[in-house]
Each structure stands twice: as structure tokens, then as C-alpha cells.
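Just below is one structure, and these are the notes that go with it.
The values are calculated or read from the model by the stated rules, or taken from the named source; none is laboratory data. Quick caveat: nothing in here was measured; it's all calculated off a predicted structure. Every residue, glycine among them, receives a Cβ derived from its backbone with ideal geometry; neighbour counts consider all protein chains shown.
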Amino acid sequence: MASIRERNRELIIQAASEIFANRGYAATKTVDIASLAGLPKANVYYYFKTKENLYRSVLESVIEPLLQAYVPFYEHTDPAAALEQYIRAKIRISQQHPHASKVFASEIMHGAPHLPEDISLQMMEHTRQSSALIQSWIDQGLMAEVDPQHLLFTIWASTQTYADFDWQITQITGKEKMEQEDYDAAAELIVQLVLKGCEVRSPVTTD
């Protein structure tokens with residue numbers, strides 16, 4: 001069971017994620033975060049000291065899942081399995097961390113001024129390794145000759161859409177909010193487009 005400290009920190013991070021996503025860093029006021037979290041303003045400073053520290057905590061709340069999403073590349077020699085699991089993980093992040101995902105996207109679009117250097121380096125390294133693995137599958141004849149980096153960029157864009165443009169999606173679909181079936185359908189379509197479009201094949205196994 002979570003302690004009061006852990007519960008309060010999580011409430012503040014969730015509230016901050018929503019307000020930072022809607023207003024941006026500069027326009028966000030600590031008092032509004034506290035109000036949305038249902039806690040005194042003093043609690044925000046008690047747990048995070050500064051608005052910048054809180055903002056970084058919001059970024060870190062989504063960065064850990066983003067880093068974990070790369071795990072299938074290292075666990076599978078089958079490109080079909082690795083790419084499918086990676087895509088589904090990215091969709092889950094947009095579903096489960098929609099506000100923090102928007103904050104992260106905005107941070108990147110503004111040149112990542114608040115992104116800690118060690119985290120930036122980790123993300124760059126995971127991207128480099130994943131690109132190298134995709135290239136190795138291409139060299140083995142398990143995929144069409146596509147640019148590995150641009151393939152990753154395409155996956156990022158198509159999955160991030162379900163966090164960044166959720167308002168537009170609900171307007172078009174006529175739903176008050178996206179449901180589980182919508183995220184499942186999105187993941188299924190993106191998986192099909194990538195696997196079929198890149199002519200991904202599983203390696204032949206011998207008994």
C-alpha cells in the first residue's frame with residue numbers, strides 16, 4: 001500500500017502533467033497544480049522544492065516507460081515480434097500517460113531545455129541500438145530495405161498522435177473520450193502497416 005508521501009507525490013505529478021500539457025511551462029502556476037491535486041500549495045514545494053523540479057518529475061514519469069518500450073528489441077531475434085511489441089508499448093504510453101506524453105513532446109519540440117543530459121543520452125543510445133538491430137534484420141533479408149531511423153520516426157509519430165491529438169480524434173469519432181477498443185484498433189493498424197509495408201518476415205527456425 002502506497003504511503004501518504006507517495007500518494008501525494010503522485011497526485012501532484014498527475015495534476016502537474018495535465019496543467020503543463022494544457023498551458024506550457026511558463027504559463028503554469030504552482031497554485032493551480034495544488035488546487036487540481038486537492039492539496040495545499042505548500043505541499044508542492046515540500047515535495048518538489050521548485051516548479052522546475054516538478055516539471056522534470058513529470059518528464060521522468062513518462063521517460064521510464066519510453067525507455068522500457070525498447071526492451072522487445074533486445075529480447076527478440078524475430079523482427080516481427082520485436083516491432084509489434086514496441087508499437088503496442090508506445091500506444092500504451094499514449095493511453096496511460098497522455099498528459100505527460102504531451103509535455104514530453106512539447107519539451108522535444110522546444111529543443112529539450114529541461115531534459116536531463118543523462119536521460120537524453122540514454123534515449124539516444126536506445127535509438128542507436130534499435131536502429132542497428134533493424135539494420136541487421138534488413139541485412140539478414142528479414143525486412144525490406146528501409147531506413148531504420150526513419151522507420152522509428154514514423155512509429156513515434158503514429159503512436160504519439162493518440163496522446164497529442166486526442167481531442168481531434170474524439171471529435172472525428174464522435175466519442176467523449178477514447179476507449180480501450182480505440183487504442184487496440186490503432187495498435188493493430190500500425191502493426192499491420194509496419195509489418196506488411198516493411199515486408200517483415202520471421203526467421204526460419206530448424207528443429
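Before moving on, here are some points about what is shown:
- Test: residue in the range 127-134 that is closer than 24 Å to VAL58 by Cα and at pLDDT 95 or above: yes
- 1 or more residues closer than 19 Å to ILE87 by Cα and of a type in the set (Lys, Arg): qualifying helices (runs of 4 or more DSSP H) within the range 145-207: 180-197
- Total residues in the range 187-202, condition exposed (fewer than 14 other Cβ atoms within 10 Å of the Cβ), touching a Leu at 6+ places or on another chain (Cβ under 8 Å) and modelled with pLDDT of 95 or more: 0
- Candidates GLN149, GLN85 - the one that is touching a His at 6+ places or on another chain (Cβ under 8 Å), modelled with pLDDT of 95 or more, of a type outside the set (A, V, I, L, M) and closer than 19 Å to ILE190 by Cα: GLN85
- Filtered by the rule that a residue be closer than 20 Å to GLN180 by Cβ, surrounded by fewer than 21 Cβ atoms within 10 Å (Cβ to Cβ) and of a type outside the set (Lys, Arg), the range 70-93 gives GLN85, ALA89.
- Of all residues in the range 1-27 being modelled with pLDDT of 95 or more and β-branched (Val, Ile, Thr), the one that is surrounded by the most Cβ atoms within 10 Å (Cβ to Cβ): ILE12
- Apart from one condition, ILE134 fits all of (1) farther than 29 Å from GLU181 by Cα; (2) of a type in the set (A, V, I, L, M, F, W, C); (3) surrounded by fewer than 19 Cβ atoms within 10 Å (Cβ to Cβ); the exception is (3).
- Residue in the range 132-141 that is without any contact (Cβ under 8 Å) to a residue 40 or more places away in the chain, out of contact with any helix residue (DSSP H, G or I) (no Cβ under 8 Å at 6 or more places or on another chain), part of a helix (DSSP H, G or I) and assigned by TED's automatic domain parsing to the domain that holds PRO65 present: yes
- Condition met for ASP78 (in contact with a Ser or Thr (Cβ under 8 Å, 6 or more places away or on another chain) and at pLDDT below 95): no
- Within the range 30-54, if we keep just the residues that are more than 23 Å from the chain's Cα centre (by Cα) and among the basic types (Lys, Arg), the residue that is surrounded by the most Cβ atoms within 10 Å (Cβ to Cβ) turns out to be LYS41.
- Matching option when the condition is among the hydrophobic types (A, V, I, L, M, F, W, C) and at pLDDT 95 or above, among ILE119, ILE63, ILE91, ILE108: ILE91
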